[in-house]
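As structure tokens, the structure follows; a few thoughts come after it.
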Amino acid sequence: MLYFLSDYTEGAHPKVLERLAETNLISQPGYGEDRFCASARDKIRAACEKPGADVYFLVGGTQTNAVAIASLLNRWEGVIAADTGHISVHEAGAIEFSGHKVLALPGEKGKLAAQTVADYCRAFYADETHEHMPFPGMVYISQPTELGTLYTKAELAALHKVCGDYGMRLFLDGARLGYGLMSPDCDMTLPELCELCDLFYIGGTKVGALCGEALVFPKGDMPEHFATMVKQQGGMLAKGRLLGVQFDALFTEGLYFEIGRHAISLAMKLKAAFREKGYSLFADSPTNQQFVILTAEQLARLRQHAAFEIWAPLPDGRTAVRFVTSWATREEDVDALIALL
């Protein structure tokens, strides 16, 4: 069976595992106060070109989104997101569970347009009854989006300006950030991204780690007592070194970006094959998630040999599906899948 189900179906990159084994018997303090977390923070700051940035390690994406949003929003505020955004659809109401409403707005190809956000905010404050509504206090986006699409630098700058105009923070979910940054269509670097977001996280779980996300406050303005709020919400890991060791390995000698380039290269090869063989794309993704449309016959045949995700049934009886590459994808597996097409 060929596996293209997701980018976290395997364990961890061998270099991450090697580093975990090498450091296993070194005794260190808990709760992220170890030297491995300190080293990882310094390497992330260097990669971001932000020596004063605050960096906090958490275990998973939903946890990071929920803790960050709940810790930064006032109790009367909600968070704006695209209707396809992860917090809008696939996080089991985690944001609402913390007492903050997700204000879902229509997106275009998974992206939230600055004009859409501006129009919403303008209408909100023009409404004489807005004191009875959740105030927009943050804008949430992801890079890449749920459909594998990318925000351009100009689009991100426009969103950042709207957030500034209305006193909102811009929060970027970077669960797959390594793949987004290494896409040939990405027109910004990690340091440039830092200038356009109030906070974001660097995903590890989907980019070579066993688990872990690095939440970055580029301006060094992490909320006061943030660690206490993390623990209050069950997000503090006693063996915080587990996360520090992994990110220290990922940000040594460019491994994080090497992983991204590998997955993107194979995804583009697969995308080209789909096009050459006459398959229609459901979304034109320049990242490691590839969305194609299959007939019932194609779906049944390919599922006998490959694992991939059913994305959405279409009105004409066909099905949109997703194929995902990762650090663990082998070129021979991509070639085998192409032969099946």
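Among (1) in contact (Cβ under 8 Å) with a residue 60 or more places away in the chain; (2) assigned to a loop (DSSP other than H, G, I, E, B), which single condition is Phe291 missing?
Failing condition for Phe291: (2).
Quick one: Val16 ticks every box in (1) within 30 Å of Leu302 (Cα to Cα); (2) crowded, with 22+ Cβ neighbours inside 10 Å bar one, so which box is it?
(1) is the only condition that Val16 fails.
Return yes when Gly208 is assigned to a loop (DSSP other than H, G, I, E, B), surrounded by fewer than 23 Cβ atoms within 10 Å (Cβ to Cβ) and of a type outside the set (A, V, I, L, M) and no when it is not.
For Gly208, the condition - assigned to a loop (DSSP other than H, G, I, E, B), surrounded by fewer than 23 Cβ atoms within 10 Å (Cβ to Cβ) and of a type outside the set (A, V, I, L, M) - is not met.
Quick check on the stretch 122-138. Is at least one of its residues buried (at least 18 other Cβ atoms within 10 Å of the Cβ), part of a helix (DSSP H, G or I) and at pLDDT 95 or above?
Taking the stretch 122-138 and keeping what is buried (at least 18 other Cβ atoms within 10 Å of the Cβ), we get 134-138.
Of the ones still in play, those that are also part of a helix (DSSP H, G or I) are none.
Scanning the stretch 122-138 turns up no residue that is buried (at least 18 other Cβ atoms within 10 Å of the Cβ), part of a helix (DSSP H, G or I) and at pLDDT 95 or above.
Quickly run through the stretch 61-106 and pick out the residues that are among the small types (Gly, Ala, Ser) and touching a helix residue (DSSP H, G or I) at 6+ places or on another chain (Cβ under 8 Å).
Gly61, Ala66, Ala70, Ser71, Ala81, Ala82, Ala92, Ala94, Ser98, Gly99, Ala104 - these are the residues of the stretch 61-106 that are among the small types (Gly, Ala, Ser) and touching a helix residue (DSSP H, G or I) at 6+ places or on another chain (Cβ under 8 Å).
So which pairs qualify, if the first residue must be in the stretch 102-121 and under 14 Å from Thr152 (Cα atoms), the second must be among the aromatic types (Phe, Trp, Tyr), the Cβ gap must be under 8 Å, and the two must be at least 6 apart or on different chains?
If the second residue must be among the aromatic types (Phe, Trp, Tyr), the pairs left are Lys111/Tyr151.
Filter the stretch 285-306 down to the residues that are among the small types (Gly, Ala, Ser) and within 30 Å of Leu181 (Cα to Cα), then identify the one that is surrounded by the fewest Cβ atoms within 10 Å (Cβ to Cβ). Give the derivation first.
We begin by selecting, within the stretch 285-306, every residue among the small types (Gly, Ala, Ser); these are 285, 296, 300, 306.
Pick out the ones that are also within 30 Å of Leu181 (Cα to Cα) and you get 285, 306.
Numbers: Ser285: 25, Ala306: 19.
Applying the filter and picking the extreme gives Ala306.
Could you tell me which residue of the stretch 84-107 is nearest to Gly61 (Cα to Cα), considering only residues that are among the charged types (D, E, K, R) and more than 18 Å from the chain's Cα centre (by Cα)?
Glu96
Can you confirm whether Thr149 is in a helix (DSSP H, G or I), of a type in the set (S, T, N, Q) and within 30 Å of Trp311 (Cα to Cα)?
Numbers: in a helix (DSSP H, G or I): no; of a type in the set (S, T, N, Q): yes; within 30 Å of Trp311 (Cα to Cα): yes.
No.
The values are calculated or read from the model by the stated rules, or taken from the named source; none is laboratory data. What you are looking at is a predicted structure, and each value in this text was computed from that prediction instead of being measured. FYI the Cβ positions are ideal-geometry reconstructions off the backbone, even for glycines, and counts take in every protein chain you see.
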